[in-house]
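Following: one structure in structure tokens, then a few remarks.
We did not get these values from a lab; they are worked out from the coordinates using the rules stated. Keep in mind that this is a model prediction, so the values were computed, not measured. Here the Cβ is made from the backbone with ideal geometry for all residues, glycine too, and neighbour counts use every protein chain on show.
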Amino acid sequence: MAIHKNQKSEIINHKSINGFVPIVGVGDFALVSGYAKCGGFMTQKTRKIIWICVVALSIAAIVFTVVRYYIVRRPFVYSGTLETTKVVLSARVSSDISEFIVAEGDMVTRDEPLVSLSCDAYKILGAQIDADFERATQLLNGGHLPQSEYDIILRNKRDNDLKLKWCNITSPIDGVVVTNFREVGEVVAPGTTILSVANPYDIWAYCYGPYEMLYRLRA
């Protein structure tokens, strides 16, 4: 603050307030008061407001950083299901279950026997068909049986032999027995599920995610 030479004034020194040492003249009292009101002095209330603003900005910056990391940049975490190659084995003939050779959780190999059906009716019929086939073969070789009749007997034998083979259910794949649907002694018809086998080495996952995040997926 400048003091004019032609102006009498009494100089008064005041103690330093907030780092400022103002010089107050009698004739310049109004000017000095205006200087104080314009921010020459920092009050306790002003310092408190500034500190509150600084703390608020710091908290906002921290919250923004955390939200950006955990929501925008965090990896996808979605629910899904694991699937594997599973084969459900069913009966091909009508019979009762005589034996389960394996149990749930057992490891099995391809063509390994799993279940045996009694197939008593097919065994009795098979014995009769086999005897008829032997006689038909002898008659055909001696020229006493037409070829057409022999073909019918041969067809019946092959059909019954195939059904007897189906009485022993084997595993079509290498895997593990997952579920046993029946019990020994139950009567099953063609198409009745008996057990299931799964390949534990051929597994894939089905995951479900929100549509708006699909563009971020990379194969």
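Over the Cα atoms of segment 82-219, Rg to Rh with Kirkwood Rh, two decimal places?
Computed over Cα atoms, the ratio is 1.25.
In debye, nearest 20, what is the charge dipole magnitude of segment 56-205 about its Cα centre with +1 on Lys and Arg Cβ and -1 on Asp and Glu Cβ, if you could check?
960
Taking only C-alpha pairs under 8 Å that are 6+ residues apart, what is the relative contact order of segment 80-178 in percent?
Rounded, it is 45 percent for segment 80-178.
Compute the signed sum of charges (Lys and Arg +1, Asp and Glu -1) over the other residues within less than 14 Å, Cβ to Cβ, of Glu183.
The answer is -3.
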